[in-house]
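The values are calculated or read from the model by the stated rules, or taken from the named source; none is laboratory data. All figures in this text were calculated on a predicted structure; none of them were measured in a lab. Quick reminder, even Gly has a Cβ in these numbers, built from the backbone with ideal geometry, and neighbours come from all protein chains shown.
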Ligand SMILES: Nc1nc2c(c(=O)[nH]1)N[C@H]1C(S)=C(S)[C@@H](COP(=O)(O)OP(=O)(O)OC[C@H]3O[C@@H](n4cnc5c(=O)[nH]c(N)nc54)[C@H](O)[C@@H]3O)O[C@H]1N2
Ligand SMILES: Nc1nc2c(c(=O)[nH]1)N[C@H]1C(S)=C(S)[C@@H](COP(=O)(O)OP(=O)(O)OC[C@H]3O[C@@H](n4cnc5c(=O)[nH]c(N)nc54)[C@H](O)[C@@H]3O)O[C@H]1N2
Ligand SMILES: [Mo]
């Protein structure tokens with residue numbers, strides 16, 4: 001029996017977003033009736049986005065999965081009949097045993113991501129699949145490129161607390177559309193601006209965030225490393241440097257200086273797509289003092305050269321000493337600030353030796369269709385993710401999911417595109433119906449949420465389903481014999497010192513606690529946890545991996561330097577988030593789909609005119625991978641040569657039945673094995 005706490009109804013937004021908002025919810029007659037921001041939370045300050053304000057509609061969605069289901073029609077059609085939990089668990093155990101007996105355990109592939117940022121639910125399947133010896137999934141779809149680049153310069157994924165931008169002279173929002181994808185940062189930007197900060201947005205198109213800035217640098221996609229190097233060129237040439245910080249806290253400054261002549265503002269202007277004077281003016285502003293704060297988005301790392309971009313941006317505050325200023329520095333992510341020991345949740349000790357093969361999640365389509373893969377993937381278990389919509393190279397993913405000989409189980413809250421391809425669908429609880437501990441990658445508090453609603457129908461949490469499967473298969477049973485709150489207690493107690501001071505009782509009483517970090521928080525004020533203990537302009541680690549040891553501009557594999565591709569696909573196409581969906585989540589909502597209107601492609605006026613395309617026309621966007629249909633939005637918010645497709649629609653709700661990720665490729669970026677979602681060349685034509 002799950003307890004319900006409708007009396008003190010505080011909750012936490014579970015979605016994969018840097019904000020991790022603290023919520024207040026109202027429950028009446030067993031139904032969620034309203035969700036608002038919790039003004040008492042120090043970071044989110046009562047502000048929430050327009051998606052989560054409508055959470056009642058998601059929780060009580062007509063597309064909620066309420067019981068286990070078995071497929072009765074062809075794959076992809078979404079025809080199901082109700083079955084019992086006992087039947088479902090029994091059938092899965094039987095089928096998996098048969099697959100393991102015939103092909104070995106690596107023929108079983110779990111597929112999950114951060115549908116919930118609750119740590120218990122996120123890691124619920126790891127011990128089970130480790131103990132079974134299943135293929136391991138490389139969870140690379142989001143941050144791994146950015147994090148690999150960031151670590152190369154400063155050793156650990158943390159940075160100055162965003163709240164410190166209030167008091168800065170300059171705030172740079174570099175490749176982050178905060179107005180869509182982390183609204184609380186906009187609260188801080190407004191506060192910083194009211195205190196006199198000049199706000200610059202660096203983004204290939206004029207986002208709502210850019211509209212609220214003092215200046216928008218409309219760069220060419222994938223050119224940020226060149227821009228940052230030109231800024232360094234100016235800082236060095238004009239002596240706008242903190243020599244003391246450079247001497248005591250950095251490595252490789254002389255080598256960097258020798259490397260910079262190739263990157264004068266004049267030399268990079270064409271690649272970056274900005275006049276040299278604009279670059280010089282920006283550099284002077286950045287170098288005017290250490291009180292400049294850069295908030296970097298994960299989004300800009302989704303390019304062929306995205307790791308290098310993040311590595312290069314991490315160098316900038318080290319030149320001006322901004323890392324040591326209470327209102328300066330930079331934040332990409334706060335992800336590793338708590339220093340947690342994830343083995344408590346993940347249980348790598350349960351893996352067989354040698355450890356099973358690794359499948360990169362962004363290449364799911366290849367894994368499901370490659371005839372040379374041995375053993376082939378014969379059973380797929382999807383939870384907390386919707387790969388049919390979110391993975392690149394959608395055509396190949398759908399081809400794989402349609403395989404008749406693949407036994408697919410999808411554990412979901414709502415009947416997604418992926419669920420339509422399942423043999424069995426299992427009903428999942430939402431954050432309103434299960435307990436979890438939430439950490440964020442944009443702020444520095446930990447939060448706990450207890451259930452505020454009973455589970456609808458027969459829904460079970462990831463933890464409960466994995467526990468049942470473990471029991472049925474006779475593996476890792478001891479791990480799942482623990483209660484969720486006992487697991488959270490153990491996880492907290494084994495964190496680094498910053499988290500160990502936080503108790504379960506305190507989280508239960510207050511809802512959140514800030515990590516035990518100083519305020520202001522300046523993790524790189526005296527160096528960084530790299531091999532040298534310094535912020536590394538020069539990285540031996542990069543060199544050993546065959547990558548440039550110094551920040552270096554590498555043109556995109558699929559970008560404007562590829563003359564051979566440009567003849568057929570002359571336009572760069574970026575595919576960032578939209579306002580009302582979160583990845584593919586919320587695409588199920590009729591209300592939010594109406595607000596989002598229809599899938600569009602933004603085209604510059606000149607590009608539209610050259611193709612005879614008018615605003616509102618139906619168009620076809622085609623890449624070397626495939627094509628999908630959109631409505632043209634002719635605008636000066638993007639530059640000629642660059643088109644923008646915002647958001648991930650379920651393809652079932654997309655005109656033509658295919659959505660944005662038919663365009664994107666499953667090749668990996670320069671670092672971390674992540675996807676190059678934004679490095680696409682396309683052509684757009686009227687239909
Ligand atoms: N509304 C909404 N919120 C979300 C999400 C969503 O889908 N919708 N997704 C959530 C998730 S999973 C994540 S990881 C975060 C991501 O959130 P962020 O880290 O903020 O990243 P994005 O918003 O994906 O992209 C930021 C910006 O990068 C820009 N960009 C693309 N290429 C380049 C480039 O070459 N240079 C520069 N300078 N900018 C570039 C895009 O145009 C976009 O405006 O947001 C989360 N929040
Ligand atoms: N074109 C394009 N594609 C992208 C991106 C982009 O910017 N552009 N962004 C990429 C990024 S940054 C990311 S992180 C990925 C994310 O891709 P996904 O991780 O697939 O994220 P969502 O689309 O939000 O789907 C999460 C699913 O998990 C389900 N879910 C939520 N909580 C639970 C739970 O507790 N248990 C179970 N069993 N299910 C649950 C939700 O109902 C939802 O269907 O998408 C990537 N794809
Ligand atoms: Mo993400």
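Could we say that residue 158 is away from ligand 3 (no atom under 16 Å from the Cβ), more than 30 Å from residue 476 (Cβ to Cβ) and within 18 Å of the chain's Cα centre (by Cα) here? In short, yes.
Of the numbered criteria (1) in the same structural domain as residue 387 (by TED's automatic domain parsing); (2) away from ligand 2 (no atom under 14 Å from the Cβ); (3) more than 30 Å from the chain's Cα centre (by Cα), the one residue 76 fails is (3). If we scan the range 296-314, do we find a residue that is touching a strand residue (DSSP E or B) at 6+ places or on another chain (Cβ under 8 Å), surrounded by fewer than 24 Cβ atoms within 10 Å (Cβ to Cβ) and touching a residue at least 60 places away in the same chain (Cβ under 8 Å)? Within the range 296-314, none of the residues are touching a strand residue (DSSP E or B) at 6+ places or on another chain (Cβ under 8 Å), surrounded by fewer than 24 Cβ atoms within 10 Å (Cβ to Cβ) and touching a residue at least 60 places away in the same chain (Cβ under 8 Å). Contact map, the range 59-79: residues that are more than 19 Å from residue 458 (Cα to Cα) paired with residues that are assigned to a strand (DSSP E or B), Cβ distance under 6 Å, separation 6+ or inter-chain. Pairs shown: 72/81.
Suppose we filter the range 116-166 for residues that are outside any helix (DSSP H, G or I) and more than 19 Å from residue 462 (Cβ to Cβ); how many remain? Going through the range 116-166 one residue at a time, the tally reaches 12. Assessment of the range 565-574 against the conditions (under 26 Å from the mean Cα position of the chain (by Cα) and within 16 Å of ligand 3 (Cβ to nearest atom)) yields at least one matching residue. Quick check, is residue 201 touching a residue at least 12 places away in the same chain (Cβ under 8 Å) and either within 16 Å of ligand 3 (Cβ to nearest atom) or assigned to a loop (DSSP other than H, G, I, E, B) (or both)? No; evaluated as a whole, the condition is false for this residue.
Consider residue 475 carefully, then state whether it is assigned to a loop (DSSP other than H, G, I, E, B) and closer than 30 Å to residue 350 by Cβ. Explain how you work it out, then say what you get.
Numbers: assigned to a loop (DSSP other than H, G, I, E, B): yes; closer than 30 Å to residue 350 by Cβ: yes.
Criteria met by residue 475.
Condition check for residue 413 on (1) within 16 Å of ligand 3 (Cβ to nearest atom); (2) closer than 25 Å to residue 62 by Cβ: one failure, at (1). Before we move on, is residue 175 in contact with a strand residue (DSSP E or B) (Cβ under 7 Å, 6 or more places away or on another chain), on the phi > 0 side of the Ramachandran plot, crowded, with 24+ Cβ neighbours inside 10 Å and assigned by TED's automatic domain parsing to the domain that holds residue 319? Yes, satisfied.
All conditions but one from (1) surrounded by fewer than 20 Cβ atoms within 10 Å (Cβ to Cβ); (2) closer than 30 Å to residue 168 by Cβ; (3) under 24 Å from the mean Cα position of the chain (by Cα) apply to residue 557; the one that does not is (2).
Are there strands (runs of 3 or more DSSP E) fully within the range 618-687 with at least 3 residues that are surrounded by fewer than 23 Cβ atoms within 10 Å (Cβ to Cβ)? List them. Working first, answer last.
Details: elements: 618-623, 627-635, 642-644, 681-686.
The strands (runs of 3 or more DSSP E) meeting that bar are 618-623, 627-635, 681-686.
In the range 579-598, the qualifying residues are those that are within 6 Å of ligand 1 (Cβ to nearest atom) and either over 15 Å from the mean Cα position of the chain (by Cα) or assigned to a loop (DSSP other than H, G, I, E, B) (or both), and the one that is surrounded by the most Cβ atoms within 10 Å (Cβ to Cβ) is 581.
Pairs, please: C-beta under 8 Å, at least 6 apart or cross-chain, first residue in contact (Cβ under 8 Å) with a residue 24 or more places away in the chain and at positive phi and in the range 374-402, second within 16 Å of ligand 3 (Cβ to nearest atom) and in a helix (DSSP H, G or I)? Taking only residues 6 or more apart or on different chains, the pairs are 384/122; 393/661.
Rundown of residues vs (1) farther than 28 Å from residue 474 by Cβ; (2) surrounded by fewer than 19 Cβ atoms within 10 Å (Cβ to Cβ), yes/no style:
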site	(1), (2)
54	yes, yes
58	yes, no
66	yes, yes
71	no, no
93	no, yes
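Counting the residues of the range 24-55 that are touching a residue at least 40 places away in the same chain (Cβ under 8 Å) and under 21 Å from the mean Cα position of the chain (by Cα) gives 8.
Across the range 337-394, the qualifying residues are those that are out of contact with any strand residue (DSSP E or B) (no Cβ under 8 Å at 6 or more places or on another chain) and modelled with pLDDT under 95, and the one among them that is farthest from ligand 3 (Cβ to nearest atom) is 341.
Looking only at residues of the range 130-154 that are more than 16 Å from ligand 3 (Cβ to nearest atom) and out of contact with any strand residue (DSSP E or B) (no Cβ under 9 Å at 6 or more places or on another chain), we find that the one that is nearest to residue 18 (Cα to Cα) is 151. For the range 502-516, the candidate set comprises residues that are assigned to a loop (DSSP other than H, G, I, E, B) and surrounded by fewer than 17 Cβ atoms within 10 Å (Cβ to Cβ); within that set, the residue that is nearest to the chain's Cα centre (by Cα) is 516. Does residue 11 meet the test of being outside any loop (DSSP other than H, G, I, E, B), within 16 Å of ligand 2 (Cβ to nearest atom), modelled with pLDDT of 95 or more and within 27 Å of the chain's Cα centre (by Cα)? Answer is yes for this residue. Here is the figure for the range 652-674: residues that are at negative phi and within 16 Å of ligand 1 (Cβ to nearest atom) total 12. In a residue-by-residue description of the range 218-231, the property of being surrounded by 20 or more Cβ atoms within 10 Å (Cβ to Cβ), over 30 Å from the mean Cα position of the chain (by Cα) and in contact (Cβ under 8 Å) with a residue 12 or more places away in the chain applies to no position.
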